[in-house]
1. If you go through region 43-56 one residue at a time, do you hit one that is within 14 Å of the ligand (Cβ to nearest atom), touching a Cys at 6+ places or on another chain (Cβ under 6 Å) and among the aliphatic types (A, V, I, L, M)?
2. Please pick out the residue among Leu96, Leu25 that is farther than 13 Å from Thr5 by Cβ and surrounded by 19 or more Cβ atoms within 10 Å (Cβ to Cβ).
3. One residue is enough: does region 57-64 have a residue meeting the conditions within 14 Å of the ligand (Cβ to nearest atom) and aromatic (Phe, Trp, Tyr)?
4. Restricting the search to region 1-15, which residues are aliphatic (A, V, I, L, M) and surrounded by fewer than 16 Cβ atoms within 10 Å (Cβ to Cβ)?
5. Among the numbered criteria (1) of a type outside the set (Phe, Trp, Tyr); (2) under 20 Å from Thr80 (Cα atoms); (3) in contact (Cβ under 8 Å) with a residue 24 or more places away in the chain, which single criterion is violated by Gly21?
6. Kindly indicate whether Glu40 is modelled with pLDDT under 95, farther than 18 Å from Ser103 by Cβ, within 16 Å of the ligand (Cβ to nearest atom) and out of contact with any Phe, Trp or Tyr (no Cβ under 8 Å at 6 or more places or on another chain).
7. Just give me the residues in region 73-102 being at pLDDT below 95 and away from the ligand (no atom under 16 Å from the Cβ), in sequence order.
Amino acid sequence: MPKMTFIERNGEQREVDAPLGLSVLEVAHKHGVDLEGACEGSLACSTCHVIVAPDWFDRLKRPSEDEEDMLDVAFGLQKTSRLGCQIVMTEALDGLTVSLPPSKKAG
Ligand code: FES
């Protein structure tokens, strides 16, 4: 089974099983990673925002226009930001690493 790594807000890395066909958001929820995903993947929020490791960013399918629009309003946007609900695990993404963005609530 493919694996992926989440880098939590405190810098801790968590490598978890990432079943094929699940989105990064679903993988996060399965393992209790603190990624919100308020709209459950229907591209109506940006709370599933993750920052993809630069090495991996180019290997992902390009975001749809709707995703880009949502990303524009995401908090803490970075060059390799994506919406976690739009990245679906494939064999090719085995080892994918994403960071959780800074939390709005923190500080
Ligand atoms: Fe709302 Fe991804 S969960 S856009």
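The values are calculated or read from the model by the stated rules, or taken from the named source; none is laboratory data. Not measured: the values here are computed from a predicted model. For neighbour counting, all protein chains shown are included, and Cβ atoms are generated from backbone atoms with ideal geometry for every residue, glycine included.
1. No; the residues of region 43-56 include none that is within 14 Å of the ligand (Cβ to nearest atom), touching a Cys at 6+ places or on another chain (Cβ under 6 Å) and among the aliphatic types (A, V, I, L, M).
2. Exactly one residue qualifies, and that residue is Leu25.
3. To start, the set of residues in region 57-64 that are within 14 Å of the ligand (Cβ to nearest atom) comprises 63-64.
Narrowing further to those that are aromatic (Phe, Trp, Tyr): none.
No: zero hits.
4. At the first step, the residues of region 1-15 found to be aliphatic (A, V, I, L, M) are 1, 4, 7.
The one that is aliphatic (A, V, I, L, M) and surrounded by fewer than 16 Cβ atoms within 10 Å (Cβ to Cβ): Met1.
5. Every listed condition holds for Gly21 apart from (2).
6. Details: modelled with pLDDT under 95: yes; farther than 18 Å from Ser103 by Cβ: yes; within 16 Å of the ligand (Cβ to nearest atom): yes; out of contact with any Phe, Trp or Tyr (no Cβ under 8 Å at 6 or more places or on another chain): yes.
Taking the combined requirement at face value, the residue satisfies it.
7. Passing the criteria: only Pro102.
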